1. From the list L62, L102, which residue is more than 13 Å from the chain's Cα centre (by Cα) and closer than 14 Å to F175 by Cβ?
2. Which one of these is farther than 30 Å from H127 by Cβ and out of contact with any Leu (no Cβ under 7 Å at 6 or more places or on another chain): A47, A100, A41?
3. For a quick check of your reading of the model, give me the residue pairs whose first member lies in segment 121-137 and is open to solvent by less than 80 Å² (accessible area, probe 1.4 Å), whose second is among the aromatic types (F, W, Y) and outside any loop (DSSP other than H, G, I, E, B), with beta-carbon atoms closer than 6 Å and at least 6 apart or on different chains.
4. Could you check how many residues of segment 222-247 are open to solvent by 70 Å² or more (accessible area, probe 1.4 Å) and not hydroxyl-bearing (S, T, Y)?
5. Does segment 133-165 hold any residues that are of a type outside the set (A, V, I, L, M) and touching a Gly at 6+ places or on another chain (Cβ under 7 Å), and which are they?
6. T143 - would you say it is at pLDDT 90 or above, under 22 Å from A41 (Cα atoms), in a helix (DSSP H, G or I) and open to solvent by less than 10 Å² (accessible area, probe 1.4 Å)?
7. Can you find a residue that is open to solvent by 40 Å² or more (accessible area, probe 1.4 Å), acidic (D, E) and out of contact with any Lys or Arg (no Cβ under 9 Å at 6 or more places or on another chain) anywhere in segment 182-193?
8. Which pairs do you get when a residue that is closer than 15 Å to M151 by Cβ, found in segment 226-247, comes within reach of a residue that is open to solvent by 60 Å² or more (accessible area, probe 1.4 Å) and assigned to a helix (DSSP H, G or I), reach meaning Cβ atoms under 8 angstrom, with the pair 6+ apart or on two chains?
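The values are calculated or read from the model by the stated rules, or taken from the named source; none is laboratory data. Since this is a predicted model, take the numbers as computed values, not measurements. Cβ placement follows ideal geometry from the backbone for every residue including glycine, while neighbour counts extend to all protein chains displayed. When the accessible area is computed, the model is the full protein with side chains, heavy atoms only, and any ligands, DNA or RNA have been set aside. Shrake-Rupley method; radii C 1.70, N 1.55, O 1.52, S 1.80 Å.
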Amino acid sequence: MTDPALAAFAGLVFFLGGLSKGVLGMGLPTITLGLLALAMAPTEAAAFLIVPSLVTNFWQMLAGGRFVALCARLWPFLVTLAPSTALAAGALAGPLGERAGLALGLVLLGYAALTLSGRQWRLAPRHAGGAGAACGVATGAVTGVTGVFVMPAVPYLAAIGLEKDELVQALGISFMISTLALAIGLGRAGVFDADAAFVSLAAVGPALAGMWLGQRLRARLSLAAFKRAFFAFILALGAYLTVGGIL
């Protein structure tokens with residue numbers, strides 16, 4: 001990334017993604033991919049996301065003391081999530097990558113609209129395993145095509161009755177596995193190469209700075225208001241990317 005203006009824009013984007021991650025415990029891939037897709041191909045943006053996502057999700061995956069118990073509970077979801085993401089990442093790097101901006105816009109629209117609706121689903125424990133396996137495959141397919149890890153993983157994890165801290169840690173586990181699998185898939189496709197890894201490594205600094213600030217602002221902000229503003233922005237960004245992908 002030799003263009004100074006583009007580099008500054010990317011640094012700001014990763015800072016904002018880290019800020020959202022610090023406040024809400026999520027939002028780094030959603031913010032960064034959505035905004036970077038305005039200036040570059042989603043495939044390239046997804047490759048740049050790899051290292052910051054790994055670093056910021058590592059602590060979230062382990063914090064909370066429920067790692068082993070959550071993995072045991074979520075294993076049908078996790079064991080289908082990893083291979084489906086790695087396999088589908090080839091689509092993002094292949095011919096379908098030309099429509100990745102449209103796909104990303106549609107996913108962001110759906111994610112934001114679902115969250116802003118305030119609707120809460122509940123999934124009976126007897127259905128959690130089968131639904132988890134299906135959601136793992138679906139999330140891997142969506143991640144492979146768009147680079148975003150949230151759909152339908154986040155609604156599924158919210159529906160199975162996890163406590164607040166368990167949900168945050170489960171999201172960290174899910175995002176970590178998705179990132180690793182995406183890195184493998186993009187690496188096999190030749191997209192996540194040495195140059196992309198260097199840029200991705202450089203993005204860690206702004207992402208961690210934003211995350212640090214977000215964690216300190218969390219106690220001073222209205223989380224409900226911040227969340228509404230965040231998803232209203234994601235809704236508008238998704239609409240813009242969708243229209244741009246159609247036209």
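1. Values: L102 fails: closer than 14 Å to F175 by Cβ.
None of the others qualify; the one that does is L62.
2. Working: A47 fails: out of contact with any Leu (no Cβ under 7 Å at 6 or more places or on another chain); A100 fails: out of contact with any Leu (no Cβ under 7 Å at 6 or more places or on another chain).
It is A41.
3. What qualifies is G132/F77; C135/F77; C135/Y156; G136/F77.
4. Narrowing segment 222-247 to residues open to solvent by 70 Å² or more (accessible area, probe 1.4 Å): 227-228, 233, 240, 243, 246-247.
From what's left, not hydroxyl-bearing (S, T, Y): 227-228, 233, 243, 246-247.
Adding up the residues that qualify gives 6.
5. Going through segment 133-165, the residues of a type outside the set (A, V, I, L, M) turn out to be 135-136, 139-140, 143-144, 146-147, 149, 152, 155-156, 161, 163-165.
Residues satisfying the conditions are G144, Y156, D165.
6. Numbers: at pLDDT 90 or above: no; under 22 Å from A41 (Cα atoms): yes; in a helix (DSSP H, G or I): yes; open to solvent by less than 10 Å² (accessible area, probe 1.4 Å): yes.
No, not satisfied.
7. Our first condition is that a residue be open to solvent by 40 Å² or more (accessible area, probe 1.4 Å); within segment 182-193, this holds for 184, 188-190, 192-193.
Among the residues that remain, those that are also acidic (D, E) are: 193.
So of that shortlist, the ones also out of contact with any Lys or Arg (no Cβ under 9 Å at 6 or more places or on another chain) come out as 193.
Looking for residues that are open to solvent by 40 Å² or more (accessible area, probe 1.4 Å), acidic (D, E) and out of contact with any Lys or Arg (no Cβ under 9 Å at 6 or more places or on another chain), one finds at least one in segment 182-193, hence yes.
8. Pairs that qualify, where the first residue is closer than 15 Å to M151 by Cβ and the partner is open to solvent by 60 Å² or more (accessible area, probe 1.4 Å) and assigned to a helix (DSSP H, G or I), are F231/L116; L235/L116; G238/L106; T242/L106.
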